[in-house]
């Protein structure tokens, strides 16, 4: 398929009936034009990290061969394409622009809010892309039905955006709203309702927070040729249902570039709702890292992983059990607690809070469990008090703990 160039269409598509000034984007341009160092951060999930169809070659479910072996996420993902576009268009001297890839696959905006200080604010960014619409699908219906709840996408996005703006009132924030494959016969088509709801609730968050955004879903709908979907490909897997093919990454990047061009040239963005910032959640987030947790453990050690999930994030330490009787017991003062695991974890781990069983964390083994995935919210909306969390991994398990998350809401 020929490269998709819908610049004029997209500018028309993005236009609205009324607009307001977004001076942060003009501040970004002014800083770039001055020659000062500029930092661009990409905070999100696997789509932003650069995931594409996997495996990279073979025959798809419709019997058609595909070959994406030339794809390189550090050259061809929407993240790298938009960064290179920004650099070539606005960089005054070589090396003036710095990219920080703060995207980790399979993680929601809630973990993004906990990671914000370590992985984003510490970099002093000038422009931040926040992309979690697909990863937040798990919370989409809860947000729609209870927007004030602690599971609300509106509240986690509010935590991220509010803290970005508190550090730097001139920061430019942009939210691309990712989407999914359109294929009615896919085994994963039933997921589309939650994914579409995640898109819509993230869009609502952007509207309330007055963060400029673009709907990749709407753009793809207009670009997609009848009877075909060039933006996704490969076999019928859950990953391929949401990870764009190389052509999808190119179209994604062009959509974002068109939206940014409109904002940079006009200094305006049109919002359909009045600004209404939701109460942030988490309120006072904290990451407790392995070097601290090891002091409260027996039979665990800190290990630096070589196969890192995000190559640009500094460090990748995990706490790993090395004895059959390994135990971790940590006392904290707060209202919420969660665990962030590395994707390479394998085994089971029992979780206790104040001596009571909360459940079992399970990864890559066929065992029953209440907690799975890279981020597990264990308990929330607790009374502000002191609690003790205990972890007991089963013998032989390789549980890779990246951090403990704690929130303290004194309101």
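Give the shape of the range 127-177 as rounded, prolate or oblate, defined through the alpha-carbon gyration tensor: a ≥ b ≥ c are the square roots of its eigenvalues, a/c under 1.5 means rounded, and otherwise the shape is prolate if a/b is larger than b/c and oblate if not.
Numbers: a/c = 3.65, a/b = 1.73, b/c = 2.11.
Oblate, because a/c is 1.5 or more while a/b does not exceed b/c.
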The range 341-393 and the range 152-187: distance between their alpha carbon centers, rounded to Å: 26 Å
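First check a/c for the range 52-117, with a ≥ b ≥ c the square roots of the eigenvalues of its C-alpha gyration tensor; if it is under 1.5, answer rounded, and if not, answer prolate when a/b is larger than b/c or oblate otherwise. Mind showing how you got there, number by number?
On the way: a/c = 3.86, a/b = 1.41, b/c = 2.74.
Here the range 52-117 falls in the oblate category.
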Per-bin percent of Cα-Cα distances, the chain [10 Å]: 5, 22, 31, 26, 13, 3, 0
Cα-based Kirkwood hydrodynamic radius, the range 228-290, one decimal, Å: 16.0 Å
Cα long-axis angle, helix 192-209 against the chain (0 to 90 degrees, to the nearest 10): 80 degrees
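Can you show me the helix-derived [θ] at 222 nm for the chain, built from DSSP H runs with n ≥ 4 at -39,500 (n - 2.57) apiece and divided by the number of residues, rounded to the nearest 500. The partial results should precede the final answer.
On the way: 13 runs with 129 residues, N = 411.
That comes out to -9000 deg cm²/dmol.
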Rounded tilt (10° steps) of 153-167 against the dominant C-alpha axis of the chain: 80 degrees
On Cα atoms only, tilt of 78-90 relative to the major axis of the chain in degrees: 50 degrees
Rule-of-thumb Rg ratio for the range 286-407 [Cα; 2.2 N^0.38 Å; N residues]: 0.99
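A short reminder: the numbers here are calculations on the coordinates, not readings from a lab. Being a predicted model, the structure only gives us computed values, none of them experimental.
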